[in-house]
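Worksheet: one structure, shown below.
The values are calculated or read from the model by the stated rules, or taken from the named source; none is laboratory data. From a predicted model like this one, the values you see are computed outputs, not experimental measurements. Note that we place each Cβ from the backbone using ideal geometry, even for glycine, and neighbour counts take in every protein chain shown. In case anyone asks, the SASA skips ligands and DNA or RNA and just uses the protein heavy atoms, side chains included. Shrake-Rupley method; radii C 1.70, N 1.55, O 1.52, S 1.80 Å.
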Amino acid sequence: MSVWDRRQWLKSLGLGAVGLGTGRLVEGEEKPCPSGKEPLALSDFRPKSMLHVKETQVAKARFPVIDVHSHLSWTAKGDKGVSTGDKVTLSITGKDALAIMDRKNVRTMVNLTGGTGAGLEETIAAFDKTHPGRFLTCAEPSYGSFLETRYPQIQADAIAAAAKAGAHGLKVLKTLGLYLREQLTDGPLVKVDDKRFDPMWEDCAAHHQPVFIHIGDPEAFFLPVDCTNERWDELGHHPDWSFYGKDFPSFKELMDARDRVFARHPKTSFVALHVGHDAENLEFVAQSLDKFPNMTVELGARIGELGRQPRTARRFFEKYQDRILFGTDAVPPPDGDNYPQQVFKDELYEIYYRFLETEDEYFDYAPAPVPPQGRWRIYGVGLPEAILKKVYFGNAVRVLGLPA
């Protein structure tokens with residue numbers, strides 16, 4: 001079974017990352033710290049907290065978990081951020097994934113990037129059918145057919161075919177809105193609310209396929225990468241994640257287009273990934289949830305944002321406890337090691353469980369010597385059992401239409 005990482009995927013799409021020369025440490029490597037009056041580069045600053053506070057290790061979740069956001073496979077072919085073709089590559093075997101899942105009390109993982117057509121069937125066979133009940137695979141849009149005049153109907157038919165093949169939803173990457181163009185990879189960007197996708201959204205509703213949608217990153221990714229951008233370090237290591245300038249829409253324009261889609265398709269279930277695309281503005285996410293009853297959110301790769309506003313986050317969990325799903329955005333090693341806040345291993349789940357189950361203070365949000373998203377630490381929200389049950393599995397059971 002071939003092993004594929006996101007760096008190879010980005011390279012295949014023409015999006016290979018180029019760092020700013022600050023250089024992460026290789027795992028296990030300890031770079032000596034400058035001392036005295038020697039200049040200290042920000043990339044070398046690894047302060048140790050002097051706080052003496054409670055530290056709780058949560059080895060297993062208190063209740064069984066459904067992780068609705070993982071990437072165990074990728075479409076193998078693409079260009080300039082647009083995946084095409086049916087061929088997929090698997091990043092991990094089901095057996096290896098289950099070893100971690102069983103240790104961490106993860107009952108089921110949803111693999112969002114299952115591909116299309118024959119590739120989707122291959123992914124379902126490798127995970128869902130080989131390990132029934134432990135993996136659920138989602139389809140992706142068939143962008144390879146986008147230039148065909150019948151594309152809206154082709155895409156709608158693909159949703160029906162995916163449901164018949166055993167898919168449990170549709171994953172829409174930020175390809176739509178930020179990469180897909182009128183000539184596939186050239187010309188004007190295709191907007192999120194382009195009506196050519198209306199049949200796709202409607203067929204998802206007709207075939208009970210929830211849409212896991214990701215169309216916007218943190219707001220800082222849409223701002224100048226300068227000394228005022230608190231994501232400077234992160235964007236320096238991943239410059240392809242910056243959507244400032246050129247012909248990219250603003251963050252607000254993306255959110256407005258998303259809202260028009262949600263409003264136009266009230267019978268379609270939308271899971272707005274990464275805490276509704278705006279974990280740093282929970283007031284906006286709350287307004288969206290109030291406005292769109294067909295919208296839910298999940299937590300993937302955003303406890304770094306939630307955990308630095310623990311009181312606001314706790315109130316958000318309390319009010320929207322029926323609308324929040326557990327997810328991690330897990331990516332298996334070796335590629336996952338490039339994204340410490342997402343690397344699929346025991347420590348990832350232990351941090352999520354600690355955030356959700358304890359009131360611990362000022363701890364790392366990722367297993368890394370340097371905080372990968374921003375130079376801060378987080379605080380636990382200590383959710384009660386009734387809410388934990390909903391977030392860990394109850395809400396996912398409902399949204400995915402699983403047996404109780």
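If the elastic network links every pair of Cα atoms under 10 Å, which of 81, 114, 245 fluctuates the most in the Gaussian network model of the chain? The residue that fluctuates most here is 245.
Only DSSP H runs of four or more residues enter the estimate; each adds -39500 (n - 2.57), and after division by the residues of the chain the mean residue ellipticity at 222 nm equals -8500 deg cm²/dmol.
When the Cα gyration tensor is reduced to axis lengths a ≥ b ≥ c, the ratio a/c is 1.5 or higher for the stretch 104-164, and with a/b above b/c it is classed as prolate. By a 1.4 Å probe calculation restricted to protein chains, residue 204 has an accessible surface near 0 Å², given to the nearest 10. The charge dipole of the chain, taken about its Cα centre with unit charges on the Cβ of Lys, Arg, Asp and Glu (plus for the first two, minus for the last two), comes to roughly 660 debye. Could you work out how far helix 151-165 tilts from the main Cα principal axis of the chain, as a 0 to 90 degree angle to the nearest 10? It is inclined by approximately 70 degrees.
For the pairs 77/104; 80/195; 246/267; 80/171; 191/390; 164/252, note any where the Cα-Cα span goes beyond 25 Å. Over 25 Å apart, Cα to Cα: 77/104; 246/267; 191/390; 164/252.
Placing a pseudo-label 7 Å from each Cα along the Cα-to-Cβ vector at residue 290 and residue 228 gives an inter-label distance of 3.0 nm. The shape of the stretch 300-404 comes out oblate: with a ≥ b ≥ c from the C-alpha gyration tensor, a/c is at least 1.5 while a/b does not beat b/c.
The mean accessible area for residues of the stretch 217-358, using a 1.4 Å probe and ignoring ligands and nucleic acids, is 36 Å² per residue. Each Lys and Arg adds +1 at its Cβ and each Asp and Glu adds -1 at its Cβ; summed about the Cα centre, the stretch 78-232 shows a dipole of about 540 debye.
Per-atom-type breakdown for the stretch 115-188 gives carbon and sulfur 54% of the accessible area (1.4 Å probe, protein chains only).
Computed log10 I(q)/I(0) for the stretch 147-255 at 0.15, 0.17 Å⁻¹: -0.74, -0.87, from the Debye equation with unit scatterers placed on every C-alpha and solvent omitted. Since only 328, 180, 342 are under comparison, the one whose Cα sits farthest along the positive direction of the charge dipole of the chain, derived from C-beta charges on Lys, Arg, Asp and Glu, is 328. For the stretch 53-170, the ratio of Cα radius of gyration to the globular rule of thumb 2.2 N^0.38 Å stands at 1.23. The C-alpha atoms of the chain define a longest principal axis, and helix 94-104 lies at about 50 degrees to it.
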